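Below you'll find the structure, written out as structure tokens, and then a few comments.
Here, each number is a calculation from the coordinates, and none is a lab measurement. What you are looking at is a predicted structure, and each value in this text was computed from that prediction instead of being measured. FYI the Cβ positions are ideal-geometry reconstructions off the backbone, even for glycines, and counts take in every protein chain you see.
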């Protein structure tokens, strides 16, 4: 009986419950295998390794002159000849012939003030001059007649063909004619002076350019009252502001302690914020012989060796004072990076470029060395962030964290 009972204890593998249990175990094995493979892959990729803390610098545009720069200073482009052109008389502005940015020549008329009364005064002075000149002609004709009559009476008196009284009358008439001519000529000179005065007064109503230049600002409009003093709240003193663009120089403030590094004629390079892709050659023009006690600085004026039409007054500028002239081959900017960022691996030179929190190992070709900067000819672009002093354990693809971030 016992053997019969044991024979009945068999597993029926065809039953549905058994098939379901075996399927669940197989799924667990597959999932576990996938998890293990994923962990191995992530570990190989460095996901579970801690990020390496590194310092980073950028590949940048580098000018060779930076390697022999003695001093840097900032300042502004300032025209050395600048004028606020105003009027000498008080009148209403009737015409304005220029606007901002116009180039003008010396003595060119920029504006005209109301001058109808002065023009009429000039015409009246010219008419009075003509009258005075006619009076001179009349007086000279009278003088000529009196002279002829006097000479005739003089000859007749010598022959006793006339009386003394007639001779005296002819003489008096002659002297009176002489005085009349002198008076008429004096009147002409007075009228000529009046004409010149009227012309000068009329000329004051024409505002002219004192030198060749460019209009920087327009300070008044047609209809404004122009006055030399500008006392009234609605009055304008200057009509326009002009600058001689050929006189542009950079005025930079230099610390008193650094003056020993500078001298007149010293070569410089000028960088303008408005034109960042170009550096202009310059020369120290003047060290102004006075200091600013509030800032402990001295103004240094730097002239441009060649003026560019893009250079405008009041542009901010940075000046690099150099120890020597820049050669032709040193004027072109290079791509460069701090030499400590270059690692020598596998017989080549490499940079570790930081991208998305990882270090990408890239081989580069280097060029000239300028101080601590090394030229990068290929393999990296300007602006790339690279690891400075890469440690030996840093590999391609390693997770990195930049110090300070």
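The slack between residue 402 and residue 363, meaning 0.36 nm per residue of separation minus the straight C-alpha distance, is 11.9 nm. For a modelled paramagnetic label at residue 328, 7 Å from Cα along Cα-to-Cβ, no residue of the range 367-382 is in reach, as no backbone nitrogen comes under 14 Å. Given axes a ≥ b ≥ c from the Cα gyration tensor, I'd like to know whether the range 116-203 is rounded (a/c under 1.5), prolate (a/b larger than b/c) or oblate. Judged from the Cα gyration tensor, the range 116-203 comes out prolate (a/c at least 1.5, a/b above b/c). The mean sequence separation of alpha-carbon pairs under 8 Å and at least six residues apart, normalised by the residue count of the range 305-371, gives a relative contact order of 15 percent. Once the Cα atoms are used to define both axes, helix 16-44 deviates from the longest principal axis of the chain by about 50 degrees. Averaging the sequence gap over all C-alpha pairs within less than 8 Å and six or more residues apart, then dividing by the number of residues, gives the chain a relative contact order of 26 percent. Relative to the longest principal axis of the Cα atoms of the chain, helix 164-203 runs at roughly 10 degrees. The simple Förster model, with R0 at 22 Å and r as the Cβ-Cβ distance, assigns residue 294 and residue 318 a FRET efficiency of 0.50. Calculated FRET efficiency, residue 222 to residue 70, Cβ-Cβ distance, R0 = 56 Å: about 0.60 to the nearest 0.05. The spacing between the range 310-368 and the range 177-192, judged by their C-alpha centroids, is 85 Å.
In terms of Cα atoms, the Rg and Dmax of the range 320-397 work out to 14.3, 45 Å.
Classify the range 90-246 from the C-alpha gyration tensor, please: rounded if a/c falls under 1.5, else prolate or oblate depending on whether a/b exceeds b/c. Taking the square roots of the gyration eigenvalues as a ≥ b ≥ c, the range 90-246 is prolate.
Pairs of alpha carbons in the chain separated by more than 35 Å make up 67% of all such pairs. Peptides 67-75, 269-277, 389-397 ranked from most to least packed by the mean count of surrounding Cβ atoms within 10 Å: 67-75, 269-277, 389-397. Across the range 116-203, C-alpha contacts under 8 Å between residues 6 or more apart give a mean separation that, scaled by the residue count, equals a relative contact order of 53 percent.
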